[in-house]
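Coordinate-derived values only; no laboratory data. Just so it is clear, the model here is predicted, and its values are computed rather than measured. A quick note on method: Cβ atoms are made from the backbone with ideal geometry, for glycine too, and the neighbour counts reach across all protein chains shown.
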Amino acid sequence: MGFIAVAKLEDIPRLGARRYRREDGAVIAIFRTASDTVFALRDACPHKGGPLSQGIVFGESLACPLHNWCISLKSGEACSPDEGQVERFEVRVVDGHVELDPRNACHPRVGGDPILGSPPTRGRHERVGTT
């Protein structure tokens, strides 16, 4: 299936997120930084599963809304001293449109979720505002 258009870049608030829910129920959070760089991570903190899409984006990192864990948007890794990894997804901006490949996580280092590896048939887009 490959990349699919999920939003216009302008529809994702700077320092905010938008959620993409796959047909299988898996949720991917798409983040926009202050410099308009976009990243996509599974919408679940590796600590307690908190909704990362409701976290605070700063630089190329994210603070989880539940326990303030710092997560790298680039790698999906928790910042030291915390440990853990969030699945990342390929995302790109083409002509002002954000495109996502929701099928497979990008080489997660820890664990892995078989649900996230299954191809979607259709998805639903959800906007999440800044916090």
Looking at the stretch 1-78, which GluC sites (Glu not before Pro) are DSSP coil and have at most 13 other C-beta atoms within 10 Å of their C-beta? GLU23
Percent RCO, i.e. relative contact order, over the stretch 17-106, from Cα pairs under 8 Å lying at least 6 residues apart: 21
Percentage relative contact order, the stretch 1-60, counting C-alpha pairs under 8 Å, at least six apart: 28
